[in-house]
Amino acid sequence: MKNLSAQPRLFYGPWPDPATRGALAALQPAVGGTPSRPGKLHLTMAFLGQRDEHELPALITILQTLPAQAMTLVFDHYSHFPKAELSWAALRTVPPALLALRAELMARLAAAGLAPAFEHDRFTPHVTLARKAGPPPAIPFAPVTWHAAQLVLVESDKRSGEYHVLASRELN
């Protein structure tokens, strides 16, 4: 395991395979703004913020014991968070399995006293394509189908801006 910063910034989420990551990256030119690096394209299920390193074993245990199945996510349109100036790939239909997985993850984090840094009232699954972006074009694109088969706990390194997968599990 790599050396963590004293208080790593962490998140959980499905991790795209290279083909899905490439298909999502191909959507970026249409949205303008500053594109997310292809290696950083992901879907965040729970942003934990800065955490003490001693919490890591419990967070990994939650990941490894979370009941979860692989699922298909179909990104089929662009959307935008105006206040944050983010353009993203969105799903018209969110699979119930994704919502159930997130609900179970949040319940387990709360039960362990490891609640996320903040929680939005509503979970909006998305993949951020660009920052400092205006509204995306209202043009259709060929849907990107992602067979989400890997769930990860990731550190976002504040110094380098890179993501480091700390723990991973396959979803069946």
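The values are calculated or read from the model by the stated rules, or taken from the named source; none is laboratory data. What you are looking at is a predicted structure, and each value in this text was computed from that prediction instead of being measured. Neighbour counts are summed over all protein chains in view; Cβ atoms, including those assigned to glycine, are modelled from backbone coordinates with ideal geometry. Surface areas here come from the heavy atoms of the whole protein model, side chains and all, with no ligands, DNA or RNA. Shrake-Rupley method; radii C 1.70, N 1.55, O 1.52, S 1.80 Å.
Note that the chain presents 51 Å² accessible area per residue, ligands and nucleic acids not counted, probe 1.4 Å. Using a simple spin-label model with pseudo-atoms 7 Å out from Cα toward Cβ, residue 30 and residue 124 lie 1.9 nm apart.
Judged by the ratio a/c of the largest to the smallest principal axis of the C-alpha gyration tensor, the range 122-164 counts as oblate, that ratio being 1.5 or greater while a/b is no larger than b/c. Restricting attention to the chain, lysine pairs at least eight places apart or on different chains and with alpha-carbon atoms under 20 angstrom apart total 6. The slack in the chain from residue 112 to residue 52, taken as 0.36 nm per residue of separation less the alpha-carbon distance, amounts to 20.2 nm.
From the Kirkwood radius over Cα pairs of the range 50-110, Stokes-Einstein at 10 °C and 1.306 mPa s returns a whole-number translational diffusion coefficient of 112 µm²/s.
Ranking of 34, 93 by solvent-accessible surface, largest first: 93, 34 (1.4 Å probe, protein heavy atoms only, all chains present). Put simply, the Cα atoms of the chain extend 46, 35, 31 Å along their principal axes, the longest span coming first.
Along the axis of the charge dipole computed for the chain (Cβ charges of +1 for Lys and Arg, -1 for Asp and Glu, origin at the Cα centre), the listed residues 86, 39, 172 are led at the positive end by 86.
Computed per residue of the chain from DSSP H runs no shorter than four, each worth -39500 (n - 2.57), the mean residue ellipticity at 222 nm is -6000 deg cm²/dmol. The mean of 1/r over all pairs of different alpha-carbon atoms in the range 90-131, once inverted, gives a Kirkwood hydrodynamic radius of 11.9 Å.
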